[in-house]
Amino acid sequence: MSSRKLPGWLSGALVLGAFGALAWLERRRPLRAEGEPKRDRAARNLAVAAAGAATLRLLEKPATERLAALVERRRWGLLKVLRLPAWLEVAAACVLLDYTLYLWHVLVHRAPFLWRFHVVHHVDLDLDATTALRFHFAELALSVPWRAAQILFIGVSPRSLSVWQTLLMLSVLFHHSNVRLPVGAERRLNLLVVTPRMHGIHHSTVREETDSNWSSGLTVWDRLHGTLRLDVPQAEVDIGVPAYRDPRELGLAEILSMPFGAERPTWRLGGVGPEPKRAPSPEPSEQLTA
């Protein structure tokens with residue numbers, strides 16, 4: 001039973017439906033004012049996403065699907081040793097995949113070589129659902145060995161992998177979106193999952209804020225590791241990376257070639273100025289501010 005994947009049509013319908021709904025809500029209830037024309041940004045981000053999707057199709061999909069099928073046949077990995085009921089195995093796999101993705105996210109920020117590629121995601125000057133798809137194709141290629149290790153050591157079945165991939169896409173689209181939710185509702189959601197205000201802080205130009213809120217699905221990982229940050233009002237968040245603030249330097253060709261060129265000091269304005277800082281907030285760190 002656990003070898004049967006989630007139907008591709010269902011996964012695709014959920015992801016496309018969520019993207020369309022969020023894009024509509026972003027127009028009706030925006031959380032942050034946009035600095036660039038939305039049409040230009042969306043076209044650029046979707047072009048980057050297309051290159052990333054081709055990479056995943058060519059490299060990740062064949063490797064991970066075959067490895068998950070092999071794990072299922074050979075009973076490899078932690079969850080296969082535990083012999084859990086099928087539904088509980090899927091749930092446990094999703095939780096463990098989410099945690100190990102948190103670790104990968106920390107690594108792409110901390111390891112200078114990986115940051116060269118991940119910075120392409122962060123230099124976007126605005127944040128919305130299209131940013132969720134904006135990952136450099138080389139970063140996605142470099143993540144394949146990590147994904148394979150996740151599947152092998154956790155013991156991820158084809159069904160668990162397909163369920164997690166779908167849930168991950170829905171979560172990433174949601175928390176990158178520029179949708180203004182009622183603060184009270186977002187505070188409650190934030191007890192469990194990453195929300196737009198929480199992830200907006202992670203995309204701040206202030207280094208200490210970017211070095212927080214690394215969770216992609218469940219917020220428990222940031223809470224356990226002490227990396228949760230909820231005390232920055234969205235009106236005070238400047239989205240992007242200090243070294244790259246000029247939109248003329250962030251065209252499609254420029255961001256695709258960015259990892260392979262000379263690297264600027266990321267956290268200095270324009271690559272040469274001071275680092276953006278923020279005074280400590282008097283509000284409690286557990287309060288998600290408006």
Going through (1) under 23 Å from residue 133 (Cβ atoms); (2) of a type in the set (Gly, Ala, Ser); (3) part of a loop (DSSP other than H, G, I, E, B) one by one, residue 257 fails only at (3)
Selection over region 76-128 where residues are assigned to a helix (DSSP H, G or I), within 25 Å of residue 52 (Cα to Cα) and of a type in the set (Gly, Ala, Ser) yields a count of 1
With criteria (1) without any contact (Cβ under 8 Å) to a residue 40 or more places away in the chain; (2) assigned to a loop (DSSP other than H, G, I, E, B); (3) surrounded by fewer than 20 Cβ atoms within 10 Å (Cβ to Cβ), residue 223 comes up short on (2)
A careful count of residues in region 160-180 that are farther than 17 Å from residue 19 by Cβ and not in a helix (DSSP H, G or I) gives 1
The residue that is modelled with the highest pLDDT, considering only those in region 256-290 that are hydroxyl-bearing (Ser, Thr, Tyr) and within 22 Å of the chain's Cα centre (by Cα), is 257
When region 32-66 is checked residue by residue, the ones that are of a type in the set (Lys, Arg), surrounded by 17 or more Cβ atoms within 10 Å (Cβ to Cβ) and part of a helix (DSSP H, G or I) are 41, 44
Those residues of region 180-197 that are surrounded by 24 or more Cβ atoms within 10 Å (Cβ to Cβ) and of a type in the set (A, V, I, L, M, F, W, C) come to a total of 1
Residue 248 passes all but one of the listed conditions (1) modelled with pLDDT under 95; (2) not in a helix (DSSP H, G or I); the exception is number (2)
The condition of being surrounded by 13 or more Cβ atoms within 10 Å (Cβ to Cβ), modelled with pLDDT of 95 or more and touching a helix residue (DSSP H, G or I) at 6+ places or on another chain (Cβ under 6 Å) holds, among 103, 114, only for 114
Looking across region 146-165 at residues that are more than 18 Å from residue 82 (Cβ to Cβ) and among the small types (Gly, Ala, Ser), the single one that is surrounded by the fewest Cβ atoms within 10 Å (Cβ to Cβ) is 149
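So that you can scan it fast, the table gives a plain yes or no per residue for (1) among the hydrophobic types (A, V, I, L, M, F, W, C); (2) under 24 Å from residue 35 (Cα atoms):
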{"site": "152", "(1), (2)": "yes, no"}
{"site": "161", "(1), (2)": "yes, no"}
{"site": "176", "(1), (2)": "no, yes"}
{"site": "185", "(1), (2)": "yes, no"}
{"site": "188", "(1), (2)": "no, no"}
Log entry, pairs with first residue in region 22-40 being touching a residue at least 24 places away in the same chain (Cβ under 8 Å), second being acidic (Asp, Glu) and in a loop (DSSP other than H, G, I, E, B), beta carbons closer than 6 Å, six or more apart or on different chains, reads 26/128; 34/126; 35/126; 36/126
Residue hits (region 19-33; more than 19 Å from the chain's Cα centre (by Cα) and hydrophobic (A, V, I, L, M, F, W, C)) are 24, 25, 33
The condition from (1) more than 16 Å from the chain's Cα centre (by Cα); (2) within 21 Å of residue 166 (Cβ to Cβ) that residue 100 misses is numbered (1)
Counting only residues in region 229-275 that are of a type in the set (Lys, Arg) and in contact with an Asp or Glu (Cβ under 9 Å, 6 or more places away or on another chain), the one nearest to residue 183 (Cα to Cα) is identified as 229
Only one of 124, 98 is charged (D, E, K, R), closer than 21 Å to residue 78 by Cβ and touching a Ser or Thr at 6+ places or on another chain (Cβ under 9 Å), namely 98
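The values are calculated or read from the model by the stated rules, or taken from the named source; none is laboratory data. Note that the structure is a prediction, hence the values are computed from the model and not measured. Here the Cβ is made from the backbone with ideal geometry for all residues, glycine too, and neighbour counts use every protein chain on show.
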